[in-house]
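The values are calculated or read from the model by the stated rules, or taken from the named source; none is laboratory data. Note that this is a predicted model, so its numbers are computed, not measured. We work out accessible area using only protein heavy atoms, side chains counted, and drop any ligands, DNA or RNA first. Shrake-Rupley method; radii C 1.70, N 1.55, O 1.52, S 1.80 Å.
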Amino acid sequence: MQASSIRQALVAFLFPTLFLLGACQPAVTATAPPDAAATASAAVDLVARGEYLVRVAGCNDCHTPGYAENQGQVPKEVWLTGSAPLGYSGPWGTTYATNLRLRMQELSEEQWLEYSAHLRARPIMPDFALRDMTEEDRRALYRFIRGMGPAGERAPDALPPGQTPPPPVLALILPPAPQGSAPGGNAP
């Protein structure tokens, strides 16, 4: 008997025997539904990704009181509750960083994804960074922030140019805007 014939005979004999003994299982197809543990794990990973993004994208720098001043040593319970009473003042007027913990309770995940993909906010919000994130990153932010639950108070309304804001205020003196550019629009 030749080597290839011996191999074929062994495969023909061993595979069905091992299968019957449970040593070989049929491959799971791509159409098999995901199990609950895998789905839960993916959700946890997305929330962890959201927390990571909040830390490294600078969300806490403005949206968490005292975060930058305390080198990030702020209890998580205070995260993303807005900048009040600190206002950011410049030629656009005065803005206050939104309480994202309350804002996310007002939006569904799909509403957030649409809103964040097209956000045009007043300074100093780096809305371009949010728009440049992938949908999955913006979904992760939503799930993390919404999962933290509501906390804190709503941010004060923005003040128009020329109106003096109450202290504390971070006043920004900016160079003139390039020709043809317009300040931000739909603040969060």
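Side notes on the structure shown:
- Heavy-atom accessible surface of region 108-188, averaged per residue, reaches 66 Å², computed with a 1.4 Å probe.
- Carbon plus sulfur fraction of accessible area for region 94-188, probe 1.4 Å, in percent: 56 percent
- Extension gain for Phe128-Lys76 works out to 16.2 nm (0.36 nm per residue, less the C-alpha to C-alpha distance).
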